[in-house]
Amino acid sequence: MNTLIGFGRDIEYHFARGLRAYLARVARAVGVGFESCSLDLDVPASGYVALDRTLPDLPGHDLALIWDEVHGWSAVVEPAGGGAAKVLAYLGGPEVLPAPRAVARFLEVLRVAGPPAGSFRPPVFRAAGHHEDLVDWLPVTGPEGLLRPSSPAW
């Protein structure tokens, strides 16, 4: 991981902490704990949230949410016996980092309506890298936990 220093702050450090806090908020919004999450800080950065439920039409497949810095959130199913995950739908929308409650709504609509609830085409929000563009949109954390939300919508 490259470290970018900008105006006296370590961008990658703040990006990693903010992304971890954002992923934890999304996990909480969809009803799971942070132990169900993983984070990959390589370029493109991505996050994974394993869910403890399945879709009614696909009971033999595990359901998960995946975020990446280019396409935003997608819902995927994974065969229970292993194998490649299949994207069901992309959240889309105007932001690569939507409010956690928007991700939870996307998941609930998907569970009720099925894959047409989202987009089948991956949106392209931004080019990978340049994490300094995302730092100000992520939650800010400190030793005592969350200091401020990054967006009034959260």
Taking the options GLU132, GLU108, name whichever one is under 20 Å from ALA27 (Cβ atoms), among the acidic types (Asp, Glu), more than 15 Å from the chain's Cα centre (by Cα) and at pLDDT 85 or above. GLU108
Taking the condition at pLDDT 80 or above and either closer than 21 Å to ARG20 by Cβ or under 15 Å from the mean Cα position of the chain (by Cα) (or both), does ALA85 pass? no
For the list (1) touching a residue at least 60 places away in the same chain (Cβ under 8 Å); (2) closer than 16 Å to ASP57 by Cα, I need the number of the one condition that PRO79 fails. (1)
Under 6 Å by Cβ, and 6 or more places apart or on different chains, what pairs join a residue from segment 99-111 that is closer than 14 Å to ALA64 by Cα with one that is modelled with pLDDT under 95 and in a helix (DSSP H, G or I)? LEU110/ALA117
Failed item in (1) over 27 Å from TYR13 (Cα atoms); (2) at pLDDT 85 or above; (3) open to solvent by less than 60 Å² (accessible area, probe 1.4 Å), with GLU78 passing the rest: (2)
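The values are calculated or read from the model by the stated rules, or taken from the named source; none is laboratory data. Computed from a prediction, not measured in an experiment: that's the story for all the values here. Cβ atoms come from the backbone with ideal geometry, glycine included; neighbour counts cover every protein chain shown. Surface areas here come from the heavy atoms of the whole protein model, side chains and all, with no ligands, DNA or RNA. Shrake-Rupley method; radii C 1.70, N 1.55, O 1.52, S 1.80 Å.
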